[in-house]
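Just below is one structure, and these are the notes that go with it.
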Amino acid sequence: MKLAKLGDGPEIFHTIQGEGVSAGSPAVFIRASRCNLHCVWCDTDHTWNFEGTPWPHEKDALPGYVKHCKADVTCEITPAGAARRALSFGCPRFVITGGEPLLQEKELLEMIRLIRGEMPGCFIEVETNATRMPSADFADAVDQFNVSPKLSNSGMPESLRLVGEVLYFFAGSPKAWFKFAVSTPADLAEVLDLRGRCAIPHARILLMPEGRTTDELDRGAPQLAELCREHGFRFCDRLHVRLWGDRRGV
Ligand code: SF4
């Protein structure tokens, strides 16, 4: 399967879950390469923003910026190899992220089963953009889905970023928590609209400030906290940004 590359190996690392309902928990992150969306502000664009691809990204405006060489940022590994590496940290929480992990569901399911075989009490989270329906086997094998539907600020057309059938599935799953990065009243209006259209349980929605630096988070957090108080949403910080900025593999 294709994971993102970190140094000479796969992007599998031991860290602290920075977002969502498990924020603060030590966890092993396993980062899948490839995504079916191409959000303009994606902070893991090394999983899809390859040389020769036509998708715009906000980094395009940086002087001298060049897209990623696919071979330099992709690591081919077997599910058994990935499981071995992930287990080597001895941590019982695993977060499968991306990119979009559900593009490689079959291989990841094999990896999850191998991990569970060695560590039966472990907890497996999967982060998804909610555009791909998980199989029943995959949904059974996962303990928690961290669902991040993309808003119009992603630059993606609605026809690609919102798949009603999948959103309904996650809205009805007790394993799913929804998180949205909100920086404007228009973002909040989209969240409220989506909640209504897809019957997403209010108590399972977390709102996060937008930002890739502590300063940016601090600028957006007070206003977002007010919105959370007013609308009864859970506020969620982005601990990894505060702790490590945009450094990878920590
Ligand atoms: S869905 Fe996630 S990984 Fe894919 S482009 Fe958007 S932000 Fe990046």
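If you roll a 1.4 angstrom probe over the protein chains with everything in place, what fraction of the accessible area of region 1-105 belongs to carbon and sulfur, to the nearest %?
Of the solvent-accessible surface of region 1-105, carbon and sulfur hold 56 percent.
As a test of the formula, what do you get for the chain when each DSSP H run with n ≥ 4 contributes -39,500 (n - 2.57) and the sum is divided by the residue count, at 222 nm and rounded to the nearest 500 deg cm²/dmol?
-9500 deg cm²/dmol
About its Cα centre, how strong a charge dipole does region 1-55 have in debye, to the nearest 20, once Lys and Arg get +1 and Asp and Glu get -1 at the Cβ?
It works out to roughly 180 debye.
Rounded, prolate or oblate: which fits region 117-248 when a ≥ b ≥ c are the square roots of the eigenvalues of the alpha-carbon gyration tensor, with rounded for a/c under 1.5 and prolate only if a/b beats b/c? Write out the running numbers ahead of the final one.
Working: a/c = 1.77, a/b = 1.25, b/c = 1.41.
Oblate, because a/c is 1.5 or more while a/b does not exceed b/c.
Would you mind classifying region 34-171 by shape? Square roots of the alpha carbon gyration tensor eigenvalues, ordered a ≥ b ≥ c; an a/c under 1.5 is rounded, otherwise it is prolate if a/b is larger than b/c and oblate if not.
Numbers: a/c = 2.46, a/b = 1.39, b/c = 1.77.
Oblate.
How about region 1-76: which chymotrypsin sites (Phe, Trp or Tyr not before Pro) there lie in a loop by DSSP and see at most 16 other Cβ atoms within 10 Å?
On the way: sites: F13, F29, W41, W48, F50, Y65; in loops: W41, W48, Y65.
In loop regions of region 1-76 (DSSP not H, G, I, E or B), the sparsely surrounded chymotrypsin sites (Phe, Trp or Tyr not before Pro) are W41, Y65.
How many lysine pairs in the chain, separated by 8 or more positions in sequence or lying on different chains, have Cα atoms less than 13 Å apart?
Taking the chain as the scope, the lysine pair count is 5.
All other residues with a Cβ under 11 Å from the Cβ of F50 taken together, and with Lys, Arg as +1 and Asp, Glu as -1, what is their net charge?
0
Based on alpha-carbon centroids, what's the gap between region 1-75 and region 166-199 in Å, whole number please?
Cα centroid to Cα centroid, the span is 24 Å.
Among F50, V66, Q17, whose Cα lies farthest out toward the positive end of the dipole of region 1-70, if unit charges sit on the beta carbon of Lys, Arg (+1) and Asp, Glu (-1)?
F50
Could you work out the local net charge near N153, counting Lys and Arg as +1, Asp and Glu as -1, over the other residues with Cβ closer than 9 Å to its Cβ?
Its environment carries a net charge of -2.
Taking θ as phi - 60°, what are the ³J(HN,Hα) couplings along region 160-173 by the Karplus curve (6.51, -1.76, 1.60), each to the nearest whole Hz, with x for Gly and Pro?
Karplus values, whole Hz, x for Gly and Pro: 9, 8, 10, 10, x, 4, 6, 4, 4, 4, 5, 4, x, 8.
For E100, what charge total do you get from the other residues with a beta carbon under 12 Å from its beta carbon, if Lys and Arg give +1 and Asp and Glu give -1?
+4
So if I place +1 on the C-beta of Lys and Arg and -1 on the C-beta of Asp and Glu, and nothing else carries charge, what would the dipole magnitude of the chain be about its Cα centre? I want it in debye, nearest 20. Don't jump to the answer; show the numbers that get you there.
Details: 29 positive and 33 negative charges, 82 e Å.
About 400 debye.
How many angstrom lie between the Cα centre of region 100-137 and the Cα centre of region 228-250?
Here the two parts' Cα centres lie 24 Å apart.
Can you find, among Y168, V126, S154, the residue sitting farthest towards the positive end of the charge dipole of region 116-175, where Lys and Arg contribute +1 and Asp and Glu -1 at Cβ?
S154
The values are calculated or read from the model by the stated rules, or taken from the named source; none is laboratory data. Predicted, not measured: the structure shown is a model, and the values here were computed from it. Glycine gets a Cβ as well: all are built from the backbone with ideal geometry, and neighbour counts include every protein chain shown. Accessible surface areas use protein heavy atoms only, side chains included; no ligands, DNA or RNA. Shrake-Rupley method; radii C 1.70, N 1.55, O 1.52, S 1.80 Å.
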